[in-house]
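Report on the following structure.
The values are calculated or read from the model by the stated rules, or taken from the named source; none is laboratory data. Computed from a prediction, not measured in an experiment: that's the story for all the values here. We place every Cβ from the backbone using ideal geometry, glycine too, and count neighbours over all the protein chains shown. Calculation scope for accessible area: heavy atoms of the full protein, side chains included, ligands and nucleic acids excluded. Shrake-Rupley method; radii C 1.70, N 1.55, O 1.52, S 1.80 Å.
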Amino acid sequence: MSERQILTPTADYPITVTPTGRHVTVRIGGEVIADTDAALTLQEANHAAVQYIPINDVNTNLLARTATTSYCPFKGDAVYYTVTTTAGQAVADAIWTYEQPFPAVTDIAGHVAFYPDKADISVDA
């Protein structure tokens with residue numbers, strides 16, 4: 001078994017984590033799943049920016065960890081959660097998190113991100 005590569009952001013492949021500075025609300029099926037003024041925006045190279053929400057600002061009663069995992073050489077091992085709304089709508093693997101993120105992105109520890117095609121993520125202007 002080979003070791004996984006760990007990469008550090010560079011000028012050619014930058015990653016930044018900054019406070020969003022705006023109110024972020026996440027809904028699934030119209031139900032508020034997360035609501036925060038403390039989101040972080042992770043911008044990775046030319047990918048779309050991702051809002052990372054503090055887990056304390058997420059309704060964790062609606063989450064169930066799944067067996068899904070993934071690996072990013074810049075961020076580390078991700079784990080996933082299904083969200084089941086109080087109305088019973090289940091959205092598999094709607095959330096991911098890096099429980100022990102690599103040094104370049106340690107600020108996202110304790111935060112989760114939602115797939116924009118599985119949740120309605122609104123960032124106030």
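Restricting attention to segment 87-125, and to residues there that are in a loop (DSSP other than H, G, I, E, B) and of a type in the set (Ser, Thr, Tyr), which single residue is most open to solvent (accessible area, probe 1.4 Å)? Selected residue: Tyr115.
Do we have Asp107 as over 16 Å from Val17 (Cβ atoms), of a type in the set (D, E, K, R) and out of contact with any helix residue (DSSP H, G or I) (no Cβ under 9 Å at 6 or more places or on another chain) here? Full working, then the answer.
Details: over 16 Å from Val17 (Cβ atoms): no; of a type in the set (D, E, K, R): yes; out of contact with any helix residue (DSSP H, G or I) (no Cβ under 9 Å at 6 or more places or on another chain): yes.
No.
Any chance segment 66-86 includes a residue that's small (Gly, Ala, Ser), on the phi > 0 side of the Ramachandran plot, in a strand (DSSP E or B) and at pLDDT 95 or above?
Initially, segment 66-86 is screened for residues small (Gly, Ala, Ser), giving 67, 70, 76, 78.
Restricting the remaining residues to those that are on the phi > 0 side of the Ramachandran plot gives 76.
Within this subset, residues satisfying the condition of being in a strand (DSSP E or B) are 76.
Subset that is at pLDDT 95 or above: 76.
Yes - at least one qualifying residue is present in segment 66-86.
Would you mind stating whether Thr84 is open to solvent by less than 60 Å² (accessible area, probe 1.4 Å), under 14 Å from Asn59 (Cα atoms), touching a helix residue (DSSP H, G or I) at 6+ places or on another chain (Cβ under 9 Å) and in contact (Cβ under 8 Å) with a residue 12 or more places away in the chain? It would help to see each step written out before you state the result.
Working: open to solvent by less than 60 Å² (accessible area, probe 1.4 Å): yes; under 14 Å from Asn59 (Cα atoms): yes; touching a helix residue (DSSP H, G or I) at 6+ places or on another chain (Cβ under 9 Å): yes; in contact (Cβ under 8 Å) with a residue 12 or more places away in the chain: yes.
Yes, satisfied.
When you look at Ile6, is it β-branched (Val, Ile, Thr), farther than 14 Å from Tyr115 by Cα, open to solvent by 70 Å² or more (accessible area, probe 1.4 Å) and in contact (Cβ under 8 Å) with a residue 40 or more places away in the chain, yes or no? Yes: the conditions hold for Ile6.
Filtered by the rule that a residue be of a type in the set (Gly, Ala, Ser) and at negative phi, segment 87-125 gives Ala87, Ala90, Ala92, Ala94, Ala104, Ala109, Ala113, Ala119, Ser122, Ala125.
Scanning segment 26-61 for residues that are assigned to a strand (DSSP E or B), more than 22 Å from Thr106 (Cα to Cα) and open to solvent by less than 70 Å² (accessible area, probe 1.4 Å) yields Val26, Ile28, Glu31, Val32, Ile33.
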